[in-house]
Amino acid sequence: MINLFSLKGKTALVTGASRGLGQGMAAALSNAGAVIIGTGTRDLTNTKRKIEAEGGVFHSLITDLSKAGSAAQLAVDAEAVTGRIDILVNNAGIIRRKESENFSDNDWLDVIQVNQHTVFQLSREVGSHMIKNGNGKIINIASMLSFQGGLKVPAYTASKHAVAGLTKSLANEWANKGINVNAIAPGYMATDNTEPLRKDEKRNEFITSRIPQNRWGTPKDMHGAVIFLASEASAYVNGHILCVDGGWMSS
């Protein structure tokens, strides 16, 4: 049974792996046996140190996915490192908070570029190689705001709705080509992105009280979900949005 969850012999490309959820998922995939190629806009030494301390193999690529053409180049660079990509985790994302009536075009376009446009581009570029190989796993990172509207985050909400739709669309096209395309929708996680919410005493209290498990999530809470979707254990799971939210969506 444990072999169903083994990733030995696999290579995983994880975007946004320098910290937070991306770093946690990269470590989890490494612990399951995968070689990791982690990307970020900043130094990934901390992630590399954590993974290698556990006996894993980590390669880093510094990439700014806000730049045009960066996703296509990343696919080329990543494949050059190990020869093939078996697992793609589209985790990199940004958020801008402001009332919609004051939300600028630049903020809108920045968020859509990183959270939506590059997810499609990287999936397309890596997915084309997976199709040639006859197998692969693509895991997109969605959000509770793939289902809900949120407050003061119009671009983020739009992009995460798009990620959910893209996940289903690609799954429909590629399922019969040996590719599984799924997404994880994290609930309220204690990361840099949510720091403003956690510092707002009233918002923090409201959010925590609505989570049935009565706590914010952590990167460790993503470990089981990402290993499941990256492994043979999920061979017949396609186009699914897996909520890891402490029960938020059921409350």
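The values are calculated or read from the model by the stated rules, or taken from the named source; none is laboratory data. If you're wondering where the values come from, they're calculated on a predicted model, not measured in any experiment. Here the Cβ positions follow ideal geometry from the backbone for every residue, glycine too, while neighbour counts run over all protein chains shown. Note: areas computed on protein heavy atoms with side chains; ligands, DNA, RNA excluded. Shrake-Rupley method; radii C 1.70, N 1.55, O 1.52, S 1.80 Å.
What net charge do the residues around A72 carry, taking every other residue with its C-beta under 14 Å from that of A72, with Lys and Arg at +1 and Asp and Glu at -1? In short, -2. Farthest toward the positive end of the dipole of the chain, out of N133, Q73, A28, is the Cα of A28, where the dipole comes from beta carbon charges about the Cα centre. The heavy atoms of R203 offer some 70 square angstrom of accessible surface to a 1.4 angstrom probe.
Of all the options I37, I211, I112, the one that moves most in a Gaussian network model of the chain with Cα springs shorter than 10 angstrom is I211. Computed on the chain, the Cα convex hull volume stands at 125 Å³ per residue. Normalised by residue count, the range 92-214 yields a Cα convex hull volume of 114 Å³ per residue.
For K8 and S66, the difference between the fully extended length at 0.36 nm per residue and the C-alpha to C-alpha distance is 17.7 nm.
Here the sum of -39500 (n - 2.57) over DSSP H runs of 4 or more residues, divided by the residues of the chain, equals -12500 deg cm²/dmol at 222 nm, to the nearest 500. Accessible surface ranking for L21, L88, 1.4 angstrom probe, highest first: L21, L88. Each 10 Å bin from zero holds the following percent of Cα-Cα pairs in the range 75-134: 20, 39, 23, 14, 4. The residues of the chain have, on average, 47 Å² of accessible surface per residue, using a 1.4 Å probe with all protein chains present. Packing-based ranking of 190-197, 224-231 yields 224-231, 190-197, ordered from highest to lowest mean Cβ neighbour count within 10 Å. Ordered from highest to lowest accessible area with the whole protein assembly present and a 1.4 Å probe, F206, F5 read as F206, F5.
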